[in-house]
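Chemist: Shown below is the structure under consideration.
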Amino acid sequence: MDAGTGSVGFIEFKAAGTTQAKVVGGGFGAAEVVTLRVATVSSAGQGGRIILGTATANAVGAFETTLNLTDANFAAGTVHTLDAFGTNGNNAAVGFAIADKVATD
């Protein structure tokens, strides 16, 4: 996939035991609607695509949203690709892994 001119990435996982992750992106058009999709492979080796949600870019083409990673495919130790597809044709992709987080606070 051509990553295009956009950029996207996870910046924070919430506390241990939760299933939420904050995602930020940039390089999209003002008010562009961005669909966030994950390419995933289950422990049985079956691939799939999961639409996680949408976000709308602000006036400078950036967005921030929190996604729920409740699907069983998001177990600790799994690796995925997050794709961001904008309605104006801007795209971005990033790889990420799910890891257990030990709460320290």
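Chemist: Search the range 7-38 for residues being polar (S, T, N, Q) and either within 16 Å of V79 (Cα to Cα) or surrounded by fewer than 16 Cβ atoms within 10 Å (Cβ to Cβ) (or both), and hand back the single one that is modelled with the lowest pLDDT.
Modeler: In this case the residue turns out to be T18.
Chemist: Further question: Only residues in the range 81-92 that are at positive phi count as the first member; pair them with residues that are assigned to a loop (DSSP other than H, G, I, E, B), Cβ under 8 angstrom, at least 6 apart or cross-chain, and list the lot.
Modeler: G89/G4
Chemist: Tally up the residues in the range 71-82 that are surrounded by fewer than 12 Cβ atoms within 10 Å (Cβ to Cβ) and under 22 Å from G25 (Cβ atoms), please.
Modeler: 1
Chemist: Another question about this same structure. Within the bounds of the range 47-63, is there any residue that is within 14 Å of A97 (Cα to Cα) and either out of contact with any Pro (no Cβ under 6 Å at 6 or more places or on another chain) or outside any strand (DSSP E or B) (or both)?
Modeler: No, that holds for no residue.
The values are calculated or read from the model by the stated rules, or taken from the named source; none is laboratory data. Given the structure is predicted, the values throughout are model-derived calculations rather than measurements. So basically every Cβ, Gly included, is an ideal-geometry build from the backbone, and we count neighbours across all protein chains shown.
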